[in-house]
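Input: a single structure, listed below in structure tokens.
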Amino acid sequence: MFEKILIANRGEIAVRIARTCKRLGIRTVAVHSEIDARSQHVQAADEAVFIGPSRSDQSYLVKEKVLDAALARGCKAIHPGYGFLSENPDFAEMVARAGLAFIGPPAAAIAALGDKVASKALAVKAGVPVVPGILKSVDDLDEALAAAEGIGYPMLLKPAAGGGGKGMRIVASRDELAAAMKAGRAETRKAFGDDRVFVEKYIAVARHVEIQIMADQHGAVIHLGERECSVQRRYQKVIEESPSVAVDADLRRRMGECACRLARQASYANAGTVEFILDAAANFYFLEMNTRLQVEHPVTEMVTGLDLVELQLRVAAGEPLPLRQEDVAWKGWAVEARVCAEDPVRGFLPSTGMITRYSPARGPNIRLDSGVEAGSFVSVFYDSLLAKVIAWGETRQTAIDSLVRALNGYHIEGLSTNVDFVNAVLTHPAFSAGRLSTGFIDAHFEKGLPKLTPPAERLHYMAMAATIVYHNRQNLTRESLKPMAAQVGSAHELADCHPYKVRCGRDLFEICLRKDPRPHAWTVSVEGQSYAVTTPEFEFYRRRLRLKINDQSHMFRLYYQYSFFGVAFCGTARIFEVFSPREWELSRHMPAARDEALLNVLLCPMPGLVVDVRVKQGERVHRGQDLVCIESMKMESYVASPCDGEVAEVRVSPGQAVESDEVLIRFNV
């Protein structure tokens with residue numbers, strides 16, 4: 001086994017590799033750019049080497065700098081992680097020529113499988129089913145048109161040299177082909193320096209299912225089962241799980257055998273992933289092979305009990321695989337969510353800035369692979385992946401529930417993240433039912449928000465959380481506010497009812513808090529529905545609140561300003577305004593004209609910034625339809641129409657600052 005290796009990467013994957021190396025007694029050397037000097041992956045390694053400016057093409061992607069760092073520090077091998085140089089055959093060849101081990105496949109295998117046309121030809125030679133198409137790149141429009149005649153529409157135009165969705169175009173008809181080919185070639189030239197494209201049949205309703213393989217340098221190849229990666233946006237994976245609800249034992253065996261045949265055909269060694277498209281009839285077709293460790297490898301580790309990085313290290317050191325195919329066993333279910341610095345409501349635009357508060361996801365059977373902490377700076381120079389949260393359970397639903405609970409308490413402040421979005425995916429009924437396809441997000445989400453209205457009980461829970469914090473804040477004595485982690489309810493006397501009114505957009509909840517004789521216990525009534533609530537842990541100083549509701553533990557993320565509370569729970573984020581009886585009466589002392597006009601206007605419920613306006617003048621709307629998105633207290637909430645009618649006037653636009661009770665939209669009703 002190697003005494004010291006260099007990790008040619010950054011972020012969560014570099015931290016994760018260092019963790020396995022530390023367990024095995026292998027010293028690690030990190031490389032870092034200027035902006036990453038204090039990053040978590042540098043702290044996780046035993047040594048660190050500065051390799052250049054913040055731009056990756058001047059640091060992490062400069063092969064010579066990375067190799068020189070490894071040689072200067074006496075490393076015996078280089079682990080490339082994923083991304084950057086991990087699938088660069090020239091770099092793998094340079095490492096081998098320098099007398100170091102590349103912890104990945106041979107350069108020839110990377111080159112052969114990295115080219116989508118060449119890899120498809122290899123798959124055919126290995127007897128692996130491929131998507132109908134042509135096994136060569138198309139050079140001009142006439143050739144593409146001729147190919148399309150044989151394939152049929154819709155078809156997929158794909159880059160030969162790269163992946164990740166760049167340069168890919170769905171072509172629905174002959175008339176669209178010319179424009180799609182021009183745009184696709186331009187994009188793939190810019191992304192990969194190679195404008196070759198090829199065409200294949202587009203399978204509209206499909207699942208993305210991949211097989212993890214591991215091969216040693218002595219000819220042994222095994223597979224470690226499948227991962228379902230169908231939930232994607234713009235061909236980028238969002239949620240991954242193992243196993244797949246669509247794969248039975250026989251299908252797993254057949255797909256695994258095909259993946260292993262392809263690896264042998266390519267003289268492959270080390271970890272790799274063979275990706276397939278699975279259609280509605282359970283027919284599978286080769287998509288591509290990733291010649292590296294995958295982002296989603298933890299779900300395979302969780303169900304097999306294997307450490308894939310350790311296997312990579314042992315194979316690269318020349319050891320034979322320590323297990324045979326019949327030794328591989330799968331237990332339970334694992335689900336992973338990718339947490340990224342991006343804003344789903346704004347089209348998943350990247351978000352940058354310093355993480356000012358950070359409370360990690362945690363819980364039984366929860367694994368967090370993170371590359372950030374409080375004080376980390378997320379810059380424009382690298383991809384948006386911050387962390388991965390992985391949950392294991394005996395059953396799929398148990399794993400999902402555990403992951404949802406962990407994400408409810410995962411607090412990252414200082415920049416926008418997709419935590420609530422991935423949680424909304426996990427709590428969607430279609431996901432729970434396993435009705436997945438690569439079009440899942442397009443079918444069930446719009447502008448980063450679920451098309452379904454949240455369950456009433458979820459809103460009840462969120463309103464309760466806001467009210468309990470408000471009640472505690474208003475009633476605790478000055479002494480009990482020191483420290484802020486005091487138990488909720490400890491200073492209250494028993495009372496028949498503490499009544500509150502809670503407004504969320506146009507929804508109004510009647511809430512009554514009744515103190516129970518037991519410590520920290522309440523009976524809470526929301527719209528006549530009664531809940532038994534206890535507060536076993538009060539973490540509001542961390543912007544989190546744990547409540548046990550009807551014997552089930554739940555975590556909420558909260559922000560507050562005055563009587564406004566932003567609450568995030570199970571993928572739903574809303575802003576609530578809490579009123580005591582006296583405050584409610586005062587709020588009702590408004591001009592009669594305002595009361596008469598309430599159904600004719602959409603009023604702003606809180607101070608904030610307009611993020612999105614979903615309607616235009618003249619459009620018909622219905623009561624409850626989300627019309628305007630307001631950002632307030634670093635949370636975004638849609639304001640719904642109070643009526644059925646026609647939009648007479650839109651008085652705000654994105655980027656505009658608004659105040660409470662300001663008219664956003666007027667209606668003709």
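For Q236, the conditions (1) touching a Gly at 6+ places or on another chain (Cβ under 9 Å); (2) in contact (Cβ under 8 Å) with a residue 60 or more places away in the chain; (3) closer than 17 Å to A109 by Cα all hold with the exception of (3). Within the stretch 393-420, being in contact with a Gly (Cβ under 6 Å, 6 or more places away or on another chain), under 19 Å from E228 (Cβ atoms) and either of a type in the set (F, W, Y) or assigned to a loop (DSSP other than H, G, I, E, B) (or both) holds for one residue alone: E394. Cβ separations smaller than 7 Å between residues 6+ apart or across chains give the following pairs from the stretch 268-290 residues that are more than 24 Å from G81 (Cα to Cα) to residues that are of a type in the set (G, A, S) and part of a strand (DSSP E or B): I277/A206; L278/A206; D279/A206. Quick one: would you say E394 is of a type in the set (D, E), at pLDDT 95 or above, assigned by TED's automatic domain parsing to the domain that holds S230 and in contact with a Pro (Cβ under 7 Å, 6 or more places away or on another chain)? No: the conditions fail for E394. Of all residues in the stretch 274-289, none satisfies being assigned to a loop (DSSP other than H, G, I, E, B) and in contact with a strand residue (DSSP E or B) (Cβ under 6 Å, 6 or more places away or on another chain).
Just one of the listed residues (A14, A118) is assigned to a helix (DSSP H, G or I), at pLDDT below 95 and not acidic (D, E), and it is A118. All conditions but one from (1) more than 29 Å from L262 (Cβ to Cβ); (2) hydrophobic (A, V, I, L, M, F, W, C); (3) in contact with a helix residue (DSSP H, G or I) (Cβ under 7 Å, 6 or more places away or on another chain) apply to I103; the one that does not is (1). Taken as a whole, the structure places G167 among residues that are at positive phi, touching a Ser or Thr at 6+ places or on another chain (Cβ under 6 Å) and modelled with pLDDT under 95. One residue stands out in the stretch 143-179 among those that are among the small types (G, A, S) and under 25 Å from N290 (Cβ atoms): the one that is surrounded by the most Cβ atoms within 10 Å (Cβ to Cβ), namely G167. Go through the stretch 38-85 and give me each residue that's among the β-branched types (V, I, T) and under 25 Å from V378 (Cβ atoms). Hits for the stretch 38-85 are V42, V49, I51, V62, V66. When you look at R362, is it in contact with a Lys or Arg (Cβ under 9 Å, 6 or more places away or on another chain) and surrounded by fewer than 19 Cβ atoms within 10 Å (Cβ to Cβ), yes or no? Spelling it out, it is not the case that R362 is in contact with a Lys or Arg (Cβ under 9 Å, 6 or more places away or on another chain) and surrounded by fewer than 19 Cβ atoms within 10 Å (Cβ to Cβ).
Remark: pairs (first residue in the stretch 371-391, closer than 21 Å to A334 by Cα and outside the structural domain of S56 (by TED's automatic domain parsing); second residue β-branched (V, I, T) and in a loop (DSSP other than H, G, I, E, B); Cβ separation under 6 Å; 6+ apart in sequence or on different chains) = L386/V372.
In summary, L452 fulfils each of the numbered conditions (1) in a loop (DSSP other than H, G, I, E, B); (2) crowded, with 20+ Cβ neighbours inside 10 Å with the single exception of condition (2).
The combined condition, being at pLDDT below 95, touching a strand residue (DSSP E or B) at 6+ places or on another chain (Cβ under 6 Å) and either among the aromatic types (F, W, Y) or surrounded by 14 or more Cβ atoms within 10 Å (Cβ to Cβ) (or both), is not fulfilled by R473. Residues that are β-branched (V, I, T), within 19 Å of S376 (Cα to Cα) and either outside the structural domain of L386 (by TED's automatic domain parsing) or without any contact (Cβ under 8 Å) to a residue 12 or more places away in the chain (or both) do occur in the stretch 27-37.
Scanning the stretch 605-654 for residues that are among the β-branched types (V, I, T) and either part of a strand (DSSP E or B) or in the same structural domain as S351 (by TED's automatic domain parsing) (or both) yields V610, V611, V613, V621, V628, I630, V639, V647, V650. Just wondering, is there one or more residues in the stretch 227-240 that are more than 25 Å from G81 (Cβ to Cβ) and hydrophobic (A, V, I, L, M, F, W, C)? For the stretch 227-240, residues more than 25 Å from G81 (Cβ to Cβ) and hydrophobic (A, V, I, L, M, F, W, C): absent.
Candidates are the residues of the stretch 375-422 that are of a type in the set (S, T, N, Q) and more than 23 Å from S56 (Cβ to Cβ); the one that is surrounded by the fewest Cβ atoms within 10 Å (Cβ to Cβ) is T395. Of all residues in the stretch 57-80, exactly one satisfies the criterion of being surrounded by fewer than 18 Cβ atoms within 10 Å (Cβ to Cβ) and polar (S, T, N, Q), namely Q58. Which residues, counting only those in the stretch 655-665, are part of a strand (DSSP E or B), modelled with pLDDT of 90 or more and surrounded by fewer than 17 Cβ atoms within 10 Å (Cβ to Cβ)? Once the filter is applied, which keeps residues that are part of a strand (DSSP E or B), modelled with pLDDT of 90 or more and surrounded by fewer than 17 Cβ atoms within 10 Å (Cβ to Cβ), the stretch 655-665 yields only V663. Looking at V339, V303, V315, just one residue is buried (at least 16 other Cβ atoms within 10 Å of the Cβ), touching a residue at least 24 places away in the same chain (Cβ under 8 Å) and closer than 30 Å to V611 by Cβ, and that residue is V339.
The values are calculated or read from the model by the stated rules, or taken from the named source; none is laboratory data. All of these numbers come straight from a predicted model, not from anything done at the bench. A quick note on method: Cβ atoms are made from the backbone with ideal geometry, for glycine too, and the neighbour counts reach across all protein chains shown.
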